[in-house]
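Written out below as structure tokens is the structure these notes cover.
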Amino acid sequence: MSSPIWHPFTQHALTPDFPLIETGEGAWLTDKDGKRILDAISSWWVITHGHRHPKIMAAVEAQGKKLDQVIFASFTHQPAEDVARGLVEMTGLPRVFFSDSGSTAVEVGLKMALGYWQAQPKPRHRIIALEHAYHGDTIGTMAVGTRGLFNAPYEPLLYNVDRLPFPNSSATETLAALERLAPDAAALIVEPLLLGAGGMLTYAPEILAAMKKICARHGVLLIADEVLTGFGRTGTLFACEQAGVTPDILCLAKGLTGGALPLAATLASEAIFQAHYSPDRARTFFHSSSFTANPIACAAAAANLELWNSEPVLDRIQALAAAQQQRLDSFQSDARFSGLRRIGTVTALDLKVSDPGYLSGIGPNLARFFLEKGVLLRPLGNTIYVMPPYCVTAAELDLVYDAIGEAAKKFV
Ligand SMILES: *Cc1c(COP(=O)(O)O)cnc(C)c1O
């Protein structure tokens, strides 16, 4: 045994030692032997502008000279105030609750929705979620996630939720199911437009808009899990914008600090805040974590919001989206691929194999092959996706897609 570390989503019985990464810059990682690796999945979907963006690093350094951590139940601090105000301006939602990860942002959102309903004359408890959904790996978020491989051992402890069929070619069934379930439901939770861990599946903004309409008609709260889609991934700052939808609750994490430090935020409507606002201390929103709104993480997030406001990030994203589409198109007539798709800066395609799915035998072989080529890609089974930081260049994208082409030749 060379390392005592138990890595996430890793079958150690099948995995050799991992490269030890020493540095990161822009779209590149470098290991201890000096091998350079192109980070084509933004280090698990978190790095937005690129590794070690100078303005974010400067903010972290400056904050480190002032305040490292302070209890957030009794105090506030300027970086948190700046991030909260910035997020309110960006989203139109008036209340901001901090936590530390995507999973906790979703847990907080679910608890806010249930707390809201507890304060109503006729409380509701049921949550509706989408087939193929992924909302995190804590018990509460696994319950709203799709059931199967990732959570089978815990299934007996997961609470029941109502499930909508994923809108594949048509949304008719999805919307009809929502219409049927809505009268009893407290909340609908969705990943807007892009289901990430479920296989990089996309659906149209019109469907999200239609779901919001049904929810509004029945008083069902809409929880938008933009942990992945937030901060530009789908081509707009938030995916909900493309549907013209303001959710009741919005969960943010991955790109909130530009990916540099762990921080999450759950934004809520005034009605949800007011449902907890009372001289009765029993109606307090009882949620916290030790590091809620850590000042250094908030300083990174404030610098990230400042970048969004001062630099043409959306233009960069549009250029990246076009470049991504062009590379993807080169596989259009390649019979080894199917399901070519792109939303914003993210592309995905499926390799035609006899055993499709997350456990497809080809997955680990692909990942190893890509790493040998100096490209970090981590296929979801036979689904290869490319989700680079926004600083990636056209020449760097060529490296990624050349490697994908070679992999198809080698393995299919
Ligand atoms: C990654 C992800 C989460 C969980 O975030 P963590 O920071 O890993 O806990 C939740 N929802 C979505 C849509 C995600 O992609």
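One table, with the values for the structure above:
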item: Residue in region 144-175 that is surrounded by the most Cβ atoms within 10 Å (Cβ to Cβ), counting only those that are at pLDDT 95 or above and within 13 Å of the ligand (Cβ to nearest atom); result: Val144
item: Identity of the residue in region 176-203, in contact with a helix residue (DSSP H, G or I) (Cβ under 6 Å, 6 or more places away or on another chain), more than 26 Å from Leu237 (Cα to Cα) and outside any strand (DSSP E or B), that ends up farthest from the ligand (Cβ to nearest atom); result: Pro183
item: Within region 278-308, tally of residues that are loosely packed, with under 14 Cβ neighbours inside 10 Å and among the hydroxyl-bearing types (Ser, Thr, Tyr); result: 3
item: Pairs where the first residue, in region 181-208, is within 18 Å of Arg124 (Cα to Cα) and the second is of a type in the set (Asp, Glu), C-beta under 8 Å, 6+ apart; result: Leu181/Asp162; Ala185/Asp162; Ala187/Asp248; Ile189/Asp225
item: Hits in region 341-354 (condition: touching a residue at least 12 places away in the same chain (Cβ under 8 Å) and over 14 Å from Pro379 (Cα atoms)); result: Arg341, Arg342, Ile343, Gly344, Thr345
item: Number of positions in region 271-319 that are β-branched (Val, Ile, Thr) and closer than 21 Å to Thr345 by Cα; result: 2
item: One residue from Leu67, Leu29, Leu20 being over 21 Å from Leu237 (Cβ atoms), touching a Pro at 6+ places or on another chain (Cβ under 9 Å) and not assigned by TED's automatic domain parsing to the domain that holds Ala299; result: Leu29
item: Matching residues in region 254-272 - criterion: being in contact with a Cys (Cβ under 7 Å, 6 or more places away or on another chain) and hydroxyl-bearing (Ser, Thr, Tyr); result: Thr266
item: Members of region 127-163 found to be in a loop (DSSP other than H, G, I, E, B) and either aliphatic (A, V, I, L, M) or outside the structural domain of Tyr203 (by TED's automatic domain parsing) (or both), listed by number; result: Ala133, Leu149, Leu158, Val161
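The values are calculated or read from the model by the stated rules, or taken from the named source; none is laboratory data. Every value quoted in this text rests on a predicted model; they were computed, and no experiment measured them. Cβ atoms come from the backbone with ideal geometry, glycine included; neighbour counts cover every protein chain shown.
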